[in-house]
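One structure below.
We did not get these values from a lab; they are worked out from the coordinates using the rules stated. Given the structure is predicted, the values throughout are model-derived calculations rather than measurements. All Cβ positions, glycine included, derive from the backbone under ideal geometry; neighbour counts span all protein chains shown.
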Amino acid sequence: MTAEQMKTAAPGGLSRRRRRQLSLGGQYGLFIVVVVLVIVLADWSTLQRNFANWDVAKGLFPEVITVGLRNTAVYTAVGFGLGLGGGLLIALMRLSSVPPYRAFATAYIEIFRGLPLLLIFIFVGVGVPLAFPGTNIPGGAVGQAGLSLGLAAAAYMAETIRAGIVAVPKGQMEAARSLGMSYPRAMWSIIIPQAFRIIIPPLTNQLVLLCKDSSLVLFLGITLEERELTKFGRDLAGQVGNTTPIIVAGICYLLITIPLSLLARRLEARQREAR
Amino acid sequence: MTSLDKRPGEPDGRGAIEISGLRKSFGTNEVLRGIDFRVGPGEVVCVIGPSGSGKSTLLRCVNLLEEPTSGSVNVVGVDVTDPDADIDAVRRRIGMVFQSFNLFPHLTALGNVMIAQRKVLKRDKAEAGRIARENLERVGLADKIGSYPAQLSGGQQQRVAIARALAMGPEVMLFDEPTSALDPELVGDVLGVMRGLAEQGMTMLVVTHEMSFAREVADRVVFMDAGAVVEEGPPARVIDDPSHERTRTFLSRVLDPAAARVGEGE
Ligand SMILES: Nc1ncnc2c1ncn2[C@@H]1O[C@H](COP(=O)(O)OP(=O)(O)O)[C@@H](O)[C@H]1O
Ligand SMILES: [Mg+2]
């Protein structure tokens, strides 16, 4: 058989090119049918009234930004800061030559990675005041949310930071020590700055996760001024009997998370190139 | 002038290395099997020997990057094997240059030469900067002050590494195959800097395969094989008229690269 014959004599009497055309045509056709059906059958005015109601949306401003977005940013930042500090400490303990430190770090990482974040929020916000009546985590909602997020983030970040430190070539520590730097000094001035460059992309992803997880504040008792995006959206949806506030809150999240994710991907790509 | 011009050879034995009965094992692998030798103040000693003979380990025992298993290592008047010795203080006085440069990639050339001055010697920024510039100038890199290591050739990186060590005002310099990772045309610049240092009276212990450098610059050459010193003496004797068969075999391979390649293939 010649090549020409093989092309035209495909099973069913159709050439490969013809079959690909039919398959693509079918898929586009289905898509168009579904879109047309949705446009024709959907009750657009009801949908718009409930999900994208301009009057409701306008009423959310400026509080959705000055309270909701602001508090989301504050809880995320505090959680990230505590997670970074705690994570660095635990990473160094993991790498320590003192066995009890290593054991503590390993236990911490396993425990806090194994627990649902909501349970940690409830423990900090409800459990601690119950166990020690009269005491409360300082800083109100900022303290509680920051601590809850930070406790969990520290466990994840410790692993990331440790991987970054281990990825710094051994010769760096040797060069630093041979210049007379002590081990802690060499860690701080030479190894850790290089480790953090390596782990900026995963840390940026951590920031995105924390931003979303800060919504768990919903389950703590907080004041009106302490509401972040999710609780703000939920409360206002209830008040006005309309879904629009939840959509607006969602858009606010995406305004933070999508640019950060894109940034993380860009940084990752740049690092791959540099290697 | 600069701190580089410190005269070695002060009466308390500063500027000298004394090694006796040095043994080092990694697990059951005995890499150094009783090494004795001395580098006098202002002396340049070249260590030669086949790969795996323990040259790097010997050098790393001098500034305690490796802990000797037994024996004594006395550098700049301090017994570095003494558990009470302040090893960071001793290391400040011993410069080390590595085969793979080990520059700090997150710092510029100037930053590389400044950081230990700032953090270890606590020099203020202006003074550390001044000394760093002087040393970069001295290794011929005055115009590369703001470059990051990734922007420099291997030869330039190694010269920054030398400047970084010199800026601490060391009394002894250790070099571990400083030109082995370099393209042949870049070797000369680095050796030139080292030759200049030797002329200024720096005490130097140099592991190298550059026989012409050893012949010209070294006061003594030490040939090591299998963790032991086989022979040592003036370069004219060890390189040009070796008395041991093992030295002769090694030298014929190093001096004739074709033979060396055949040797590796064994
Ligand atoms: N950190 C280490 N752990 C285990 N073995 C080592 C280590 N460093 C060196 N060695 C071994 O010691 C021997 C001598 O190595 P080295 O001192 O680097 O030799 P040279 O520098 O002469 O090539 C080699 O067999 C090497 O495998
Ligand atoms: Mg070596």
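Worth pointing out:
- Take each residue in B:205-214, count the other chain C-beta atoms within 10 Å of its C-beta, and the mean is 0.
- Taking amide H as placed 1.01 Å from N in the peptide plane, the amide H of residue B:225 sits under 5 Å from that of B:230, each at least 5 places away or on another chain.
- Farthest toward positive dipole pole in chain A [+1 Lys/Arg, -1 Asp/Glu at C-beta], among A:29, A:66, A:257: A:29
- Degrees separating the helix B:245-255 axis from the principal Cα axis of chain B, which is the longest one: 50 degrees
- Candidate cross-link partners of residue B:55 among the lysines, defined by an alpha-carbon separation under 16 Å and a same-chain spacing of 8 or more, comprise B:24.
- GNM on chain A, alpha-carbon springs under 10 angstrom: the most fluctuating residue among A:149, A:60, A:14 is A:14.
- C-alpha long axis of helix B:109-119 to longest principal axis of chain B, angle in °: 80 degrees
- Under a Gaussian network description of chain A, with springs only between Cα atoms under 10 Å, the residue in A:94, A:197, A:20 that fluctuates furthest is A:20.
- Candidate aspartates and glutamates for bridging to residue B:144, where Cα separation is under 16 Å - those fewer than 8 sequence places away on the same chain excluded: B:134, B:189
- Highest-MSF residue in chain A out of A:138, A:99, A:184 [GNM, Cα springs under 10 Å]: A:184
- Within straight-line reach of residue A:58, meaning a Cα separation under 19 Å, sit the following lysines at least 8 residues removed in sequence or on another chain: A:231.
- Computed on chain A, with alpha-carbon pairs under 8 angstrom and 6+ residues apart, the relative contact order is 25 percent.
- Taking amide hydrogens as placed 1.01 Å from N in the peptide plane, the amide H of residue B:71 sits under 5 Å from those of B:23, each at least 5 positions away in sequence or on another chain.
- Between the amide H of residue B:44 and those of B:204, B:219, B:220, distances stay under 5 Å, these residues lying 5 or more places away or on another chain, with hydrogens modeled in the peptide plane.
- Phi angles of segment B:32-46 translate, via the Karplus equation with coefficients 6.51, -1.76, 1.60 and θ = phi - 60°, into HN-Hα couplings of 10, 10, x, 9, 10, 5, 9, 10, x, x, x, 7, 10, 10, 9 Hz per residue; Gly and Pro are given as x.
- Neighbouring partner chain Cβ atoms per residue of B:94-102, average, 10 Å criterion: 4
- Residue order, fewest to most beta carbons within 10 Å, for A:183, A:101: A:183, A:101
- Helical segments meeting 24 Å axial Cα length and Kyte-Doolittle -0.5 threshold in chain A (DSSP H): A:16-41, A:70-94, A:140-167, A:192-213, A:244-274
- Contact order normalised by residue count of segment B:40-255, Cα under 8 Å, 6+ apart, percent: 30 percent
- 0 to 90° range, to nearest 10: angle between helix B:184-199 axis and chain B longest Cα axis: 80 degrees
- Positive-pole candidate from B:251, B:193, B:146, dipole of segment B:40-255, charges at beta carbon: B:146
- Couplings 3J(HN,Hα) of segment B:19-30, computed from phi: 10, 9, x, 6, 10, 9, 10, 9, x, 8, 8, 7 Hz, in residue order, whole Hz [Karplus 6.51 cos²θ - 1.76 cosθ + 1.60, θ = phi - 60°; x for Gly and Pro].
- Cα centroid of segment B:198-250 to Cα centroid of segment B:87-112, whole Å: 26 Å
- Residue exposure sequence - A:247, A:165 - by fewest surrounding Cβ within 10 Å: A:247, A:165
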